[in-house]
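Below is one structure; the comments refer to it alone.
Coordinate-derived values only; no laboratory data. Please read these numbers as outputs of a predicted model, since none were measured by experiment. Note: ideal-geometry Cβ built from the backbone for every residue, glycine included; neighbour counts use all protein chains shown.
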Amino acid sequence: MAAKETKKVIIAGAGPAGLTAAHELCRRNAIPLVFEKDRIVGGISRTEQFQGHRLDIGGHRFFTKSALINQIWERMLGDRLLRVPRLSRIYYKGRFFNYPLKLKNVILGLGFWESLLIFLSYLRSFLFPYPQEDSLEEWVSNRFGKRLYRTFFKTYTEKVWGIPCSQIRAEWVAQRIKGLSFRTAVTNAIIGNRGKNIKTLIDEFHYPALGPGMMWEEFQHAIVNNGGQVNLNREVLKVRLQGNRAIGIETGPPGKLEFVEGTDFIVSMPLAELVARIEPPPPWEVLEASRHLKYRDFLTVFLIVQHHDLFPDNWIYIHSKEVKMGRLQNYKNWSPYMVADPGKTGLGAEYFANENEELWRMTDDELIQLASRELETIGLTRGARIEKGAVYRQQKAYPVYDENYKQHVNVIRDYLKGIENLQTVGRNGMHKYNNMDHSMLTALMAVENIFGANHDIWSVNSDSSYQEEVEE
């Protein structure tokens, strides 16, 4: 009787999805070969270092409703996985507002009359809602009223995506704040914890002591120690097909290209990039659909500030129109081990842009000066001296849910179904706003499919409640 074939699985991308798949394959005595174009693991969940200080690319909470994912995280890091209290606020017109919104805080911050107008606006939307919720604007207005939508949702959301809220599909916001509404916020404010089944957002989360990259470095070590490979600075340049099966990838620098064969393929690179790299090329309509998929890029301007305690928040949403900054991270408040000197603070001023925009084309020095000026403008550095800075750029950080994204994704999905040994996973691999735990779950399902299961990976993070929503 012939020996059972050993699975040799090619994995494109060493983010949460790719590394989870590789780790699970090691447990099943398969051979995972991970190829990552960056110099470090973690993808958008990596941890960068600058002069001894550590920073996230975006800030990443470790919270899940999946017992399995929790077990994996705890098994990997144990007591190095800290429990962190959550404090995130909105900065608007020189004032701080709690997020999620709290009734008393909103009334004190906006004043009685403005709060009354917001309430009347909510009543109007409650009595005369949009009959169909296609856009983010319609979805939020139906639940919070148009005035509160314009105050606390519109400006920040349009900074993030660079397009009007009327062009952003409701699916995105439904994933982020599902179950929350003006009514639940008011109910929660009035009766607090005495009520039952009041939906709110989590008030604490897990976080690795040395940032999220610590988790993915631990995965990397476990994979290598169990016979797998994690190849850094090795981008997947081509995916070769033969009939309805993938047979290998092309990787390596110009002049030293290498063809690597595999039995199965798990891909977490952006869908548009995957389609462009398949040989022979997909049909015209698939290529055309991939060209219409849009992404939002992301800049972190990291600043070392000579102050030990600027503000208590983990992160702040910047809704002020007078600055371009969209969000501000205070890494020291995520973990005290993120700073090299306890007398200083590491801030991440975050900007959302596209590669063809002026903001993205600015030099690092220009961006550091911009962030420094804007922090002074809104008063968040409290006059403290900014010592040094660095800029980190993340392409294709967010898949855009524009008016036509779903039909384009469906065209690509239908085509990829015909490649029987290739699966896409993770946020960009599915053009879906997945969180870390969702990405990991898609990877685990993909591995189980290789061994005979029949999971629908696309069902992850579709109908379940938002991951950070809990009932009190």
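Please give, to one decimal in nm, the separation of the simple spin-label points placed at Phe128 and Glu355, each 7 Å out from Cα toward the Cβ.
Here the answer is 4.6 nm between the modelled labels.
Considering amide H positions built from the backbone, and no H for Pro or chain starts, which residues 5 or more places from Ser135, or on another chain, come under 5 Å of its amide H?
When sequence neighbours closer than 5 places are left aside, the close amide H contacts are Ala170.
Would you please give the residues with an amide H less than 5 Å from that of Tyr295, counting only those at least 5 places away or on a separate chain, with H modeled from the backbone geometry?
Under 5 Å from the amide H of Tyr295 lie the amide H atoms of Val400, each far enough along the sequence or on another chain.
Please report, to two decimal places, log10 I(q)/I(0) for region 339-472 at q = 0.13, 0.14, 0.15, 0.16 Å⁻¹ as given by the Debye formula with identical point scatterers on the Cα atoms and no solvent.
Each listed q corresponds, in turn, to -0.82, -0.88, -0.93, -0.97.
Please figure out what share of the DSSP beta bridges in the chain is antiparallel and state it in percent, rounded to the nearest 5.
70 percent
For region 394-467, which trypsin sites (Lys or Arg not before Pro) pass both filters: DSSP loop (anything but H, G, I, E, B) and at most 14 other C-beta atoms within 10 Å? Display every interim value, and only then the final one.
Working: sites: Lys396, Lys406, Arg413, Lys417, Arg427, Lys432; in loops: Lys417, Lys432.
For trypsin sites (Lys or Arg not before Pro) across region 394-467 that sit outside H, G, I, E and B with at most 14 neighbouring Cβ atoms in 10 Å, the list reads Lys417.
Given C-alpha coordinates of region 65-149, what is the ratio Rg to Rh with the Kirkwood estimate of Rh?
Expressed as Rg/Rh, it is 1.19.
What are the extents of the Cα atoms of region 71-111 along their three principal axes, in Å, largest first?
49, 18, 12
Sorted from largest to smallest, which semi-axis lengths in Å does the alpha carbon gyration tensor of region 295-399 give for its equivalent ellipsoid, taking the root of 5 times each eigenvalue?
Largest first, region 295-399 gives 23, 14, 13 Å.
Where in region 341-382 is the amide nitrogen less than 15 Å from a point lying 7 Å along the Cα-to-Cβ axis of Gln51?
341-348, 365, 368-369, 372, by backbone N distance to the label point.
What are the principal axis extents of the Cα atoms in the chain, in Å, biggest first?
If we take the Cα atoms of the chain, the spans are 80, 54, 46 Å.
Could you run the Karplus curve 6.51 cos²θ - 1.76 cosθ + 1.60 with θ = phi - 60° over region 411-417 and give me ³J(HN,Hα) per residue in whole Hz, x for Gly and Pro?
4, 5, 4, 4, 5, 5, 4
With runs of 4+ DSSP H residues as the only contributors, calculate the mean residue ellipticity of the chain at 222 nm using -39,500 (n - 2.57) per run, divided by the residue total and rounded to the nearest 500.
-10000 deg cm²/dmol
Report ³J(HN,Hα) in whole Hz for each residue of region 216-229, in order, from the Karplus equation J = 6.51 cos²θ - 1.76 cosθ + 1.60 where θ = phi - 60°; Gly and Pro get x.
Residue by residue, region 216-229 yields 6, 5, 5, 4, 4, 4, 5, 5, 5, 5, 10, x, x, 10 Hz.
What is the distance in Å between the Cα centres of region 118-152 and region 418-447?
Taking the Cα centre of each part, region 118-152 and region 418-447 sit 33 Å apart.
With θ taken as phi - 60° and the coefficients 6.51, -1.76 and 1.60, list the Karplus ³J(HN,Hα) couplings across region 328-345 in order, rounded to whole Hz; mark glycine and proline as x.
Rounded to whole hertz, the list is 10, 9, 10, 4, 4, 7, 7, 7, x, 7, 7, 10, 7, 10, x, x, 10, 10.
So which GluC sites (Glu not before Pro) in region 327-399 are both in a DSSP loop and have at most 16 other Cβ atoms within 10 Å of their Cβ?
Answer by residue number: Glu355, Glu357.
Given H placed 1.01 Å from N in the peptide plane, which residues other than close sequence neighbours of Asn98 have an amide H under 5 Å from its amide H?
The list, which skips near neighbours in sequence, is Ile90.
Taking N as the number of residues in region 35-187, what value does Rg over Cα atoms divided by 2.2 N^0.38 Å take?
1.30
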